[in-house]
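To keep things clear, I will list the structure first and then write my remarks on it.
The values are calculated or read from the model by the stated rules, or taken from the named source; none is laboratory data. Predicted model, so just to flag it, every value in this text is computed and none were measured. Note: ideal-geometry Cβ built from the backbone for every residue, glycine included; neighbour counts use all protein chains shown.
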Amino acid sequence: MTDSLRERKKARTRAALQEHALRLFREQGYQATTVEQIAAAADVSPSTFFRYFPTKEDLVLQDDMDVRLIEALEQMPAGLGPVAAIRAAMHQVMGSFAGPELDMVRETTRLSLTVPEIRARAMDEFTRAIQMMGEAVAKRSGRAPDDLASRAVAGAIVGVIMAVAMPAEGWSGVDSFEELVERVDEALALLEAGLPL
């Protein structure tokens with residue numbers, strides 16, 4: 001089997017697992033849905049499920065949004081400051097989602113913000129996001145991948161996103177994914193302005 005054929009097959013299996021899982025979550029609820037049920041619906045074994053997703057929570061949290069964001073960040077003009085570049089990249093990435101893909105992003109975002117198990121696992125993803133973003137910010141400015149200033153900027157950006165998206169009481173007080181994105185952008189604008197109070 002050629003690599004491209006193998007990769008397409010993997011992508012189809014991954015998409016099938018996510019699609020069936022989201023359907024089952026809607027029908028039965030997140031907690032009532034088992035990995036075994038998701039695997040059976042996608043016509044794969046539970047061990048195959050775990051080759052794609054280490055946990056049920058990862059099925060909701062893993063997407064290509066981080067990859068898209070870093071790619072978009074790399075395309076931003078060099079003279080743009082790091083926070084402005086992240087904001088512009090975020091708008092570009094959000095604008096790239098449409099149709100069923102946008103529906104999936106909306107649904108996984110809602111689950112991430114409302115299901116306690118997924119919210120807890122999302123904290124690990126935020127740590128990984130700081131690492132990825134820190135390296136991308138360092139690369140943009142010609143610094144070493146482990147540059148302290150770049151990591152601090154990435155931590156501040158991710159901290160702002162967490163403060164808006166993951167308050168202790170849950171779903172952020174927003175009515176839609178789009179409104180959440182607007183609020184994150186508004187908070188990042190405050191960070192870009194030096195957090196004036």
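Yes/no matrix, rows are residues, columns are (1) in a helix (DSSP H, G or I); (2) at pLDDT below 95; (3) touching a strand residue (DSSP E or B) at 6+ places or on another chain (Cβ under 7 Å); (4) surrounded by 14 or more Cβ atoms within 10 Å (Cβ to Cβ):
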position: ARG14; (1), (2), (3), (4): yes, yes, no, yes
position: PRO54; (1), (2), (3), (4): no, yes, no, no
position: VAL67; (1), (2), (3), (4): yes, yes, no, no
position: ALA88; (1), (2), (3), (4): yes, no, no, yes
position: HIS91; (1), (2), (3), (4): yes, yes, no, no
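For ALA72, are the conditions met, namely being within 29 Å of ALA136 (Cα to Cα), in contact (Cβ under 8 Å) with a residue 40 or more places away in the chain and small (Gly, Ala, Ser)? In short, no.
For region 1-40, enumerate the residues that are of a type in the set (A, V, I, L, M, F, W, C) and in contact with an Asp or Glu (Cβ under 9 Å, 6 or more places away or on another chain). Passing the criteria: ALA16, LEU22, PHE25.
Of the numbered criteria (1) more than 16 Å from the chain's Cα centre (by Cα); (2) among the aliphatic types (A, V, I, L, M); (3) within 19 Å of ASP124 (Cβ to Cβ), the one ALA11 fails is (3). Among the residues of region 36-50, those that are free of Cβ contacts under 8 Å to residues at least 24 places away in the same chain and surrounded by 13 or more Cβ atoms within 10 Å (Cβ to Cβ) comprise GLN37, ILE38, ALA39, ALA40, ALA41, PRO46, PHE50. Considering the conditions (1) in contact with a Ser or Thr (Cβ under 7 Å, 6 or more places away or on another chain); (2) at pLDDT 85 or above, GLU117 is excluded by exactly one of them, (1). Restricting region 121-136 to residues that are without any contact (Cβ under 8 Å) to a residue 60 or more places away in the chain and among the aliphatic types (A, V, I, L, M) leaves a set whose member that is nearest to MET90 (Cα to Cα) is ILE130. Within region 105-115, does at least one residue satisfy the condition of being surrounded by fewer than 16 Cβ atoms within 10 Å (Cβ to Cβ), in a loop (DSSP other than H, G, I, E, B) and in the same structural domain as LEU73 (by TED's automatic domain parsing)? The answer is no; no qualifying residue exists.
Residues in region 1-47 that are within 19 Å of GLU101 (Cβ to Cβ) and of a type in the set (Phe, Trp, Tyr): PHE25 alone. Could you please let me know if VAL137 is in contact with a helix residue (DSSP H, G or I) (Cβ under 8 Å, 6 or more places away or on another chain), surrounded by 19 or more Cβ atoms within 10 Å (Cβ to Cβ) and either in a helix (DSSP H, G or I) or at pLDDT 90 or above (or both)? Considered against the rule, which asks whether it is in contact with a helix residue (DSSP H, G or I) (Cβ under 8 Å, 6 or more places away or on another chain), surrounded by 19 or more Cβ atoms within 10 Å (Cβ to Cβ) and either in a helix (DSSP H, G or I) or at pLDDT 90 or above (or both), VAL137 comes out as yes. Under the condition of being surrounded by fewer than 19 Cβ atoms within 10 Å (Cβ to Cβ) and either in contact (Cβ under 8 Å) with a residue 40 or more places away in the chain or outside any helix (DSSP H, G or I) (or both), the residues counted in region 141-155 number 7. Residue pairs whose Cβ atoms lie under 9 Å apart, separated by 6 or more positions or on different chains, with the first residue in region 22-35 and under 15 Å from PRO116 (Cα atoms) and exposed (fewer than 13 other Cβ atoms within 10 Å of the Cβ) and the second of a type outside the set (Val, Ile, Thr) and at pLDDT 95 or above, are ALA32/LEU24; ALA32/PHE25.
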